[in-house]
Amino acid sequence: MNNPLHDGFGRKINYLRLSVTDRCDLRCTYCMSEKMDFLPRDQILSLEECMLIARTFVGLGVDKIRLTGGEPLVRRGLPGLVARIRELDGLRELALTSNGSQLAQYSVALAQAGLSRINISLDSLDPAVYRRITRGGELDRVLAGIDAALAAFGSARVKLNTVMLQGVNHQELPSLLRFALERRVDISFIEQMPMGETGFSHASSFYSSSDAQAQLMQRHQLIPSLESSGGPARYWRIPGCESRVGFISPHTHNFCSSCNRVRVSARGELFTCLGSEGMADLMPAVRAGDEAGLHDLIRQALAAKPQEHRFDLSQPKNTIMRFMSRTGG
């Protein structure tokens with residue numbers, strides 16, 4: 001690796017989020033519409049093609065990969081792919097983001113395959129609210145998945161993510177934090193991103209990190225931390241607690257200046273910015289096994305990576321039209 005990846009603004013790119021499927025067993029209101037048309041299977045990356053993309057990016061200096069979806073655990077054969085990617089020379093961390101519904105079944109296999117870390121979405125501890133957000137999801141199944149992940153990985157390698165929704169779950173943030181503190185796991189609270197026409201208003205359900213911090217500071221002392229997990233979260237500490245409290249704030253505290261990541265969708269699209277419609281189609285080069293062409297496409301795309309995204313909830317036209325599930329969560 002003689003020429004590591006940088007974008008046109010000099011930012012080093014060392015983090016790939018690779019989507020292994022656009023399918024999911026939930027229909028979260030901030031991620032997709034209630035009735036989805038998923039891609040035919042022959043139009044998504046095969047596991048061999050996922051492996052080729054992972055190997056190519058690691059060869060170009062990427063040392064962290066996160067497998068995403070959709071829900072990655074609905075993809076058959078995923079633990080085997082984890083084991084193969086983990087063997088890549090130069091890879092420092094291999095993580096996965098899950099909605100938790102399948103973790104009771106797969107946590108042990110993922111740990112044995114060498115997965116480094118796992119992030120689990122948990123947007124409510126109220127079964128009725130959870131069903132509303134996920135359009136039918138079963139909270140008990142997710143809680144069992146979290147328990148299984150903690151048993152297989154340990155608390156230091158498990159993290160919870162909560163998308164904050166005004167009028168839906170925002171009043172639950174203290175309870176969700178307490179849930180994390182009791183299990184000694186990190187938790188990040190995420191400002192909703194305007195991605196796709198999901199059937200719910202992005203503007204009316206927006207809840208800011210500042211509002212969340214003010215709410216939580218009524219019960220806890222939050223001390224800013226300089227710690228980083230290599231992602232966009234800014235962390236805070238609570239004295240006497242092992243858990244870190246993160247806030248991911250794409251609206252109110254733009255983190256673009258330190259962006260180190262790109263995303264590849266399940267159909268082989270390289271998105272260099274979550275808040276931009278621009279992409280490079282890697283699929284033809286991948287299907288042809290053209291690694292030199294793949295290198296060129298990646299470097300060309302990074303040269304055009306935007307300096308920053310701009311989300312403006314007062315302007316509906318600024319909503320990114322693709323669903324989060326297409327990009328890869």
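The values are calculated or read from the model by the stated rules, or taken from the named source; none is laboratory data. Remember, predicted model here, so these are calculated numbers, not experimental data. Glycine gets a Cβ as well: all are built from the backbone with ideal geometry, and neighbour counts include every protein chain shown.
Consider the stretch 234-258 and keep the residues that are surrounded by fewer than 23 Cβ atoms within 10 Å (Cβ to Cβ), touching a residue at least 60 places away in the same chain (Cβ under 8 Å) and within 18 Å of the chain's Cα centre (by Cα). The one that is nearest to Gly61 (Cα to Cα) is Ser258.
Within the stretch 275-301, restricting attention to residues that are closer than 17 Å to Val62 by Cβ and touching a strand residue (DSSP E or B) at 6+ places or on another chain (Cβ under 8 Å), the residue that is surrounded by the fewest Cβ atoms within 10 Å (Cβ to Cβ) is Gln300.
Out of Glu93, Glu34, one residue alone is surrounded by fewer than 19 Cβ atoms within 10 Å (Cβ to Cβ) and in contact with a Ser or Thr (Cβ under 6 Å, 6 or more places away or on another chain). It is Glu93. One residue alone among Thr29, Thr97 is within 30 Å of Gly167 (Cβ to Cβ) and either in contact with a Pro (Cβ under 8 Å, 6 or more places away or on another chain) or in a strand (DSSP E or B) (or both), and that residue is Thr97. Filtering the stretch 125-155 to residues that are more than 18 Å from the chain's Cα centre (by Cα) and either of a type in the set (Val, Ile, Thr) or not in a helix (DSSP H, G or I) (or both) leaves Leu125, Asp126, Val129, Arg135, Gly136, Gly137, Glu138, Gly154. Scan the stretch 104-120 and tell me whether some residue there is assigned to a loop (DSSP other than H, G, I, E, B), surrounded by 21 or more Cβ atoms within 10 Å (Cβ to Cβ), at pLDDT 95 or above and within 20 Å of the chain's Cα centre (by Cα). Checking the stretch 104-120: at least one residue is assigned to a loop (DSSP other than H, G, I, E, B), surrounded by 21 or more Cβ atoms within 10 Å (Cβ to Cβ), at pLDDT 95 or above and within 20 Å of the chain's Cα centre (by Cα). Scan the stretch 162-190 for residues that are in contact with a Lys or Arg (Cβ under 8 Å, 6 or more places away or on another chain) and under 16 Å from Ala128 (Cα atoms) and the total you get is 1.
Select from the stretch 53-67 the residues that are closer than 10 Å to Leu16 by Cβ and not in a helix (DSSP H, G or I) and list them in ascending order. Those that are closer than 10 Å to Leu16 by Cβ and not in a helix (DSSP H, G or I): Leu60, Val62, Asp63, Lys64, Ile65, Arg66, Leu67.
There is at least one residue in the stretch 35-45 that is of a type outside the set (D, E, K, R), assigned to a helix (DSSP H, G or I), within 23 Å of Asp281 (Cβ to Cβ) and in contact with a Lys or Arg (Cβ under 8 Å, 6 or more places away or on another chain).
From (1) outside any loop (DSSP other than H, G, I, E, B); (2) over 19 Å from the mean Cα position of the chain (by Cα); (3) not aliphatic (A, V, I, L, M), pick out the condition that doesn't hold for Arg76. Against the list (1) outside any loop (DSSP other than H, G, I, E, B); (2) over 19 Å from the mean Cα position of the chain (by Cα); (3) not aliphatic (A, V, I, L, M), Arg76 comes up short only on (1).
All told, Leu226 meets the bar of being modelled with pLDDT under 95 and aliphatic (A, V, I, L, M).
Only residues that are crowded, with 19+ Cβ neighbours inside 10 Å, more than 26 Å from Ser124 (Cβ to Cβ), in contact with a strand residue (DSSP E or B) (Cβ under 9 Å, 6 or more places away or on another chain) and of a type outside the set (Val, Ile, Thr): list them for the stretch 48-77, please. Cys50, Ala54, Phe57, Lys64, listed by residue number. Screening Arg17 against (1) closer than 26 Å to Ser257 by Cα; (2) of a type in the set (Lys, Arg); (3) in a loop (DSSP other than H, G, I, E, B) leaves a single unmet condition, (3). Within the stretch 158-168, can one find any residue that is assigned to a loop (DSSP other than H, G, I, E, B), modelled with pLDDT of 95 or more, surrounded by 14 or more Cβ atoms within 10 Å (Cβ to Cβ) and charged (D, E, K, R)? Within the stretch 158-168 (the criterion being assigned to a loop (DSSP other than H, G, I, E, B), modelled with pLDDT of 95 or more, surrounded by 14 or more Cβ atoms within 10 Å (Cβ to Cβ) and charged (D, E, K, R)), the answer is no, since none of the residues qualifies. Mind checking whether some residue in the stretch 177-187 is assigned to a helix (DSSP H, G or I) and in contact with a Cys (Cβ under 6 Å, 6 or more places away or on another chain)? Yes; the residues of the stretch 177-187 include at least one that is assigned to a helix (DSSP H, G or I) and in contact with a Cys (Cβ under 6 Å, 6 or more places away or on another chain). Taking each residue of the stretch 60-72 that is under 15 Å from Ala83 (Cα atoms) and of a type in the set (S, T, N, Q) and looking for partners that are at pLDDT 95 or above and buried (at least 23 other Cβ atoms within 10 Å of the Cβ) with beta-carbon atoms closer than 6 Å, six or more apart or interchain, yields nothing.
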